Amino acid sequence: LYYGTASGQLRRVSDDYTSDGGAAIECYWESGSMSFGRDYMEKYSPSVWVGLKQEAGAAIEVGIETDKGEKLWEEIKILGGDALMPGMNRRRLKAQKFTYYKLLFRSTAADNKATIVAADISVKYNINIK
C-alpha cells in the first residue's frame, strides 16, 4: 500500500518499517466493556495472560480498566531471539469488585514491533451486585 503525505512525500505501508520516518508510531487498542457473561455479579481478576510472537526486541504494554475507575499498565519485553512458537506472558494486573472490564494494549516504541497472538483474562466471580 502506498500513500501520499500532506507535504508531498510518497510512503509505503510495510511490516519492514517500525517507525514513520524515524518518528514512533503510536499504537493503541481497547476492547469493549466485558461482563464475562454475568452482568449481575462482582468479579475479581488476579492476572492477564498475553501471547506474543517471539520477535527479538518486541515490547508492548498491557493494561486493564474497570467500571470502578481502576486503570493499571504493565510492560512486556521479549529479550531473546526469534522462536517458532508464540510465548505466553503473565502479568499480575489485579482488579477487584468490578462488573465491567476493558483490556488495553499500547506501544509507542519506534525501534521494535510486537505481534499479539492471544490474550486470556483470569476471572473469579464474587457476589451479586447490590
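Observations on the model:
- Of the residues Leu79, Ile116, Met34, the one whose Cα sits farthest toward the positive end of the charge dipole of the chain, with +1 on the Cβ of Lys and Arg and -1 on the Cβ of Asp and Glu, is Met34.
- Estimated FRET transfer efficiency when R0 is 22 angstrom, pair Glu55-Ser35 (beta carbons, to 0.05): 0.05
- For peptides 50-59, 87-96, sequence by mean Cβ density within 10 Å, most packed first: 50-59, 87-96
- Straight-line cross-link reach from Lys94 at under 20 Å between alpha-carbon atoms covers these aspartates and glutamates, not counting any fewer than eight positions away in the same chain: Glu30, Asp39, Glu42, Glu61, Glu65, Asp67, Glu70, Glu74, Glu75, Asp120.
- Estimated vicinal HN-Hα couplings, Hz - region 58-69 in sequence order (Karplus 6.51, -1.76, 1.60; Gly, Pro = x): 5, 8, 8, 10, 10, x, 10, 9, 10, 5, 8, x
- Note on Asp120: accessible area is roughly 80 Å² with a 1.4 Å probe, heavy atoms of protein only.
- Separation of region 75-108 and region 52-74, taken as the distance between their Cα centroids, equals 5 angstrom.
- Solvent-accessible ranking of Ile127, Ile121, Ile78, largest area first, probe 1.4 Å: Ile127, Ile121, Ile78
- Partners for Lys97 among lysines (Cα-Cα distance below 25 Å; same-chain residues under 8 apart left out): Lys43, Lys68, Lys71, Lys124, Lys130
- Taken about its Cα centre, region 5-58 carries a charge dipole of roughly 80 debye when the Cβ of each Lys and Arg holds +1 and the Cβ of each Asp and Glu holds -1.
- Stokes-Einstein D in µm²/s, Kirkwood radius over Cα pairs - the chain at 4 °C with 1.567 mPa s viscosity: 78 µm²/s
- Projecting the Cα positions of Asn126, Gly51, Thr99 onto the charge dipole of region 36-130 (unit charges on Cβ atoms of Lys, Arg, Asp and Glu, taken about the Cα centre) puts Asn126 furthest along the positive direction.
- Surface share of carbon and sulfur [accessible, 1.4 angstrom probe, percent] for region 44-130: 49 percent
- Accessible area expressed per residue, the chain, with surrounding protein chains retained (probe 1.4 Å, Å²): 64 Å²
The values are calculated or read from the model by the stated rules, or taken from the named source; none is laboratory data. The structure presented is a predicted model; accordingly, all values stated were derived computationally and were not measured. Please note: Cβ atoms are built from the backbone with ideal geometry, for glycine as well, and neighbour counts cover all protein chains shown. With ligands, DNA and RNA removed, areas are computed over all heavy atoms of the protein, side chains included. Shrake-Rupley method; radii C 1.70, N 1.55, O 1.52, S 1.80 Å.
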